[in-house]
Amino acid sequence: MSVSKTSTSEKASARSVLTTKNIAKIAILSAIATVLMLFEFPLPFAPSFYKFDFSEIAVLLGAFAMGPVAGALIEAVKIVLNLLFNGTITMGVGELANFLIGSALCVPAAIIYKHHKTKKNAIIGMAVGTVCMAVAGAVLNYFVLIPAYVTLANFPLDAILQMGAAVNPAINSLGTLIIFSVVPFNLFKGAVISVITGVLYKHVSPLLHR
């Protein structure tokens, strides 16, 4: 009986997200996120293949306004649109990374904010999301993403480590790449995205809740 109730609740939640208005908002925010994804740039403490972009701002705004399911949908549609218009140079690994690690920021933040929609909870949610993003980025890069790229693209791990060592001589293994580049990169990105979203949300919230 409890399983049936849970399943019914999940279906109802999904239906409440996929209203005509919300689908339109998800489409618009996905398009905005796709455009923002085009303006990417490296950070000085990470190899050049780690690019910073602001697309998670649109995702996080949508997640706060419509819930974590909507946030994940915006993240997914953004990736699909980017693949359709720009293709991939990473055999899809970079796009998978962007989806998983971006979701690790936005979904936990939206879950926390959804229960009590206060400024304090928004800040707590974004802080937790930033930590989740850093942890997910570290684990996924170490165990899944970098090994997958090395295999699929036939790109030597040593070459990746050399690119890391060029920005930080302490990088001499996959583990040190994660510690000195991946974790700081995602903590920085999560913090910047959170601050900008926090500033913008109050101003765009009336539009997102129409």
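The values are calculated or read from the model by the stated rules, or taken from the named source; none is laboratory data. Keep in mind that this is a model prediction, so the values were computed, not measured. Glycine also receives a Cβ, built like all others from the backbone with ideal geometry; neighbour counts cover every protein chain displayed.
Kindly state which helices (runs of 4 or more DSSP H) lie completely within region 50-151 and contain at least 2 residues that are touching a Ser or Thr at 6+ places or on another chain (Cβ under 6 Å) and over 18 Å from residue 188 (Cβ atoms).
Where helices (runs of 4 or more DSSP H) fall fully within region 50-151 and carry at least 2 residues being touching a Ser or Thr at 6+ places or on another chain (Cβ under 6 Å) and over 18 Å from residue 188 (Cβ atoms), they are 68-86.
Against the condition among the basic types (Lys, Arg) and either over 30 Å from residue 70 (Cα atoms) or touching a residue at least 60 places away in the same chain (Cβ under 8 Å) (or both), how does residue 120 come out, does it pass?
Answer is no for this residue.
Just need a number here: residues in region 124-176 that are farther than 18 Å from residue 91 by Cβ, aliphatic (A, V, I, L, M), free of Cβ contacts under 8 Å to residues at least 60 places away in the same chain and in contact with a helix residue (DSSP H, G or I) (Cβ under 7 Å, 6 or more places away or on another chain).
Qualifying residue count, region 124-176: 10.
Quick one: residue 190 ticks every box in (1) within 16 Å of residue 48 (Cβ to Cβ); (2) small (Gly, Ala, Ser); (3) within 13 Å of the chain's Cα centre (by Cα) except a single one, so which number is it?
Just one mismatch for residue 190, condition (1).
Pick from 177, 96, 208: which is at negative phi and at pLDDT below 95?
Values: 177 fails: at pLDDT below 95; 96 fails: at pLDDT below 95.
The unique qualifying residue is 208.
Condition first: within 30 Å of residue 19 (Cβ to Cβ), part of a helix (DSSP H, G or I) and over 13 Å from the mean Cα position of the chain (by Cα). Can you find one or more residues in region 37-47 that meet it?
The answer is yes, given that some residue of region 37-47 is within 30 Å of residue 19 (Cβ to Cβ), part of a helix (DSSP H, G or I) and over 13 Å from the mean Cα position of the chain (by Cα).
Among the residues of region 83-117, write down those that are over 15 Å from the mean Cα position of the chain (by Cα) and buried (at least 22 other Cβ atoms within 10 Å of the Cβ).
113 - this is the single residue of region 83-117 that is over 15 Å from the mean Cα position of the chain (by Cα) and buried (at least 22 other Cβ atoms within 10 Å of the Cβ).
When you look at residue 107, is it within 30 Å of residue 21 (Cα to Cα), in contact with a helix residue (DSSP H, G or I) (Cβ under 6 Å, 6 or more places away or on another chain), modelled with pLDDT of 95 or more and among the hydrophobic types (A, V, I, L, M, F, W, C), yes or no?
Working: within 30 Å of residue 21 (Cα to Cα): yes; in contact with a helix residue (DSSP H, G or I) (Cβ under 6 Å, 6 or more places away or on another chain): yes; modelled with pLDDT of 95 or more: yes; among the hydrophobic types (A, V, I, L, M, F, W, C): yes.
Yes; evaluated as a whole, the condition is true for this residue.
Restrict the check to region 9-24 and report whether at least one residue is modelled with pLDDT of 95 or more and under 19 Å from residue 190 (Cα atoms).
no
What number of residues within region 180-203 satisfy the criterion of being at pLDDT below 95 and surrounded by 15 or more Cβ atoms within 10 Å (Cβ to Cβ)?
1
Just wondering, is there one or more residues in region 58-79 that are touching a helix residue (DSSP H, G or I) at 6+ places or on another chain (Cβ under 8 Å), modelled with pLDDT of 95 or more and surrounded by fewer than 18 Cβ atoms within 10 Å (Cβ to Cβ)?
yes
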